[in-house]
Each structure stands twice: as C-alpha cells, then as structure tokens.
Amino acid sequence: MVEEAKKRLIWLLKIEGAVRSEDVERALLRVPREEFVLPQYRDEAYDDHPLPIPEGQTISAPHMCAIMCEAASIRRGDRVLEVGTGSGYHAALCAEIVSPTGEPLEGIVVSVEVVKPLSYYARDNLVRAGYYDRVHLIVADGSMGAPVRGGFDRIIVTAAAPQIPQPLIDQLDDGGVMVIPVGPRWHQLLLAVRRLGERIEKEAVTACIFVALRGKYGYS
C-alpha cells in the first residue's frame with residue numbers, strides 16, 4: 001500500500017516536471033517519508049502537501065523537496081549544507097543522492113536547526129530511517145551558516161529569508177549552488193544562486209511559501 005502510494009506520487013511529480021533526474025527519483029523512492037511525519041499523519045505521507053511537525057513547523061510538500069533538489073543539481077559525493085532540519089526528511093533525500101544506500105560513503109549532509117527539540121526529533125527520524133550516518137546535525141543559527149571549517153558544494157535553505165544571508169554566500173564554494181526562498185513572510189520566490197568566483201548569479205525557480213527563517217539574517 002505504501003509503495004503503491006509512493007510510486008503514484010512520483011509518477012505525478014514527473015508529469016508535473018518537479019522530478020526530472022534519476023537521482024531525485026531514486027531518492028524519493030528510497031527514503032520512507034512516513035518515518036518523518038507524526039504518527040497521526042502517516043496515512044498522508046505520500047499526499048503532495050505539507051504536514052505539521054513539532055514546534056509549530058511543517059514538513060514541506062514532496063513536490064517542493066523535489067524542486068529544490070533539482071534546482072540545486074545535487075550530485076553524488078557533494079558536501080551539502082541544509083539550513084532548517086525540520087523533520088529530517090529533506091536531509092535524508094539529499095543524503096540518498098550524495099551517498100546512496102548500500103554503497104561506500106561519499107558525500108555528506110550538514111543540517112543546521114535553530115530549535116533544539118526539533119533537531120532531536122529529526123535525529124530520531126534519521127536513525128529510524130537509516131540516514132544518521134550520512135547527516136551531521138547541528139543546533140545553531142543556520143542563517144549564519146554552519147559552524148564548521150570549509151565550504152559546501154550545495155546549500156539548501158528550507159525557510160524564507162528577507163534577503164540572501166551573506167554568511168551562506170561565504171560558505172558556498174566556487175561553482176556551488178544555493179537554493180533559497182527569498183521575500184516577504186507570506187509569499188516568496190525560490191532562487192537558485194550560483195557562485196562563480198566573486199560573481200553571484202541568481203535565477204528564479206518558482207513562487208513559494210515557506211516558514212520564516214529565524215536568526216541574525218532571518219526574520220525577528
């Protein structure tokens with residue numbers, strides 16, 4: 001039943017154009033979204049809409065997760081920073097792409113969450129789903145980037161910012177891509193931001209609505 005619902009969802013996302021690559025399709029097939037939602041919503045795990053999670057937050061709709069992964073062009077072996085761990089589902093999708101299940105570890109996902117109980121919730125979900133070995137969780141102000149050395153090939157921000165935080169641009173490697181929703185609280189534009197040396201290129205992906213990014217470079 002679950003597998004049928006999952007395959008039906010992916011079929012719809014491919015028709016809609018949200019899923020374009022084999023890597024994103026494989027990740028959606030492999031990662032059990034039902035392990036990242038609250039028990040009372042498990043029957044809706046493969047419906048294409050957001051669902052409530054603890055601390056007044058939400059798990060994004062599957063189509064938005066797919067769009068963000070595609071826009072970031074995440075590849076096997078990439079070093080990925082996610083800002084806003086939430087339930088851990090999007091981090092698991094990224095981990096499945098950069099380091100597929102059953103194969104030698106290659107890439108890594110660093111996921112930063114400002115709400116400590118939510119990070120613990122995500123940790124439990126990632127352990128249960130089998131992705132904790134590929135996702136490094138940090139409790140911190142994600143708008144400031146990750147408190148780690150080195151940069152990232154890809155950055156995915158799962159909360160809306162009033163503008164692109166400079167610390168995230170600083171942590172994006174040359175040639176890297178960041179996907180981030182930018183705009184007012186109730187409607188934003190999802191941007192794909194590419195760093196080319198000292199030049200920053202921005203491309204509009206789609207209109208969207210995300211919860212507000214919290215922290216120094218987010219909303220108060």
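Taking residues in region 133-160 that are more than 18 Å from residue 58 (Cα to Cα), and partners anywhere that are open to solvent by 10 Å² or more (accessible area, probe 1.4 Å) and among the β-branched types (Val, Ile, Thr), the pairs with Cβ atoms closer than 6 Å and at least 6 places apart or on different chains are 141/114; 154/74. Listed by first and then second residue, the pairs with beta-carbon distance under 6 Å, at least 6 apart or on different chains, first residue in region 184-199 and farther than 24 Å from residue 18 by Cβ, second modelled with pLDDT of 95 or more and open to solvent by less than 100 Å² (accessible area, probe 1.4 Å), are 195/172; 195/176.
With 23, 43 as the choices, which residue is within 26 Å of residue 150 (Cα to Cα), assigned to a helix (DSSP H, G or I) and either touching a Phe, Trp or Tyr at 6+ places or on another chain (Cβ under 8 Å) or among the charged types (D, E, K, R) (or both)?
23
A count restricted to region 116-153 and to residues that are open to solvent by 40 Å² or more (accessible area, probe 1.4 Å), touching a strand residue (DSSP E or B) at 6+ places or on another chain (Cβ under 9 Å), within 12 Å of residue 171 (Cβ to Cβ) and not acidic (Asp, Glu) stands at 4. Checking each residue in region 188-201 for being assigned to a strand (DSSP E or B) and over 17 Å from residue 70 (Cβ atoms) picks out 188, 195, 196, 199, 200, 201.
Starting from residues that are outside any helix (DSSP H, G or I) and at negative phi, keep the ones in region 2-20 and report whichever is farthest from the chain's Cα centre (by Cα). Applying the filter and picking the extreme gives 20. Please determine whether any residue of region 26-48 is open to solvent by 20 Å² or more (accessible area, probe 1.4 Å), out of contact with any Leu (no Cβ under 7 Å at 6 or more places or on another chain), under 22 Å from residue 97 (Cα atoms) and of a type in the set (S, T, N, Q). No; the residues of region 26-48 include none that is open to solvent by 20 Å² or more (accessible area, probe 1.4 Å), out of contact with any Leu (no Cβ under 7 Å at 6 or more places or on another chain), under 22 Å from residue 97 (Cα atoms) and of a type in the set (S, T, N, Q). Checking 113, 103 one by one, the residue that is open to solvent by 10 Å² or more (accessible area, probe 1.4 Å) and without any contact (Cβ under 8 Å) to a residue 12 or more places away in the chain is 103 and no other. In region 39-61, the residue that is modelled with the lowest pLDDT out of those that are farther than 17 Å from residue 92 by Cα and polar (S, T, N, Q) is 57.
The values are calculated or read from the model by the stated rules, or taken from the named source; none is laboratory data. A quick note: this is a predicted structure, and the numbers were derived from the prediction, not measured. Cβ coordinates were reconstructed from backbone atoms using ideal geometry, including for glycine residues, and neighbour counts include every protein chain displayed. The accessibility values were calculated without ligands, DNA or RNA, using every heavy atom of the protein model including side chains. Shrake-Rupley method; radii C 1.70, N 1.55, O 1.52, S 1.80 Å.
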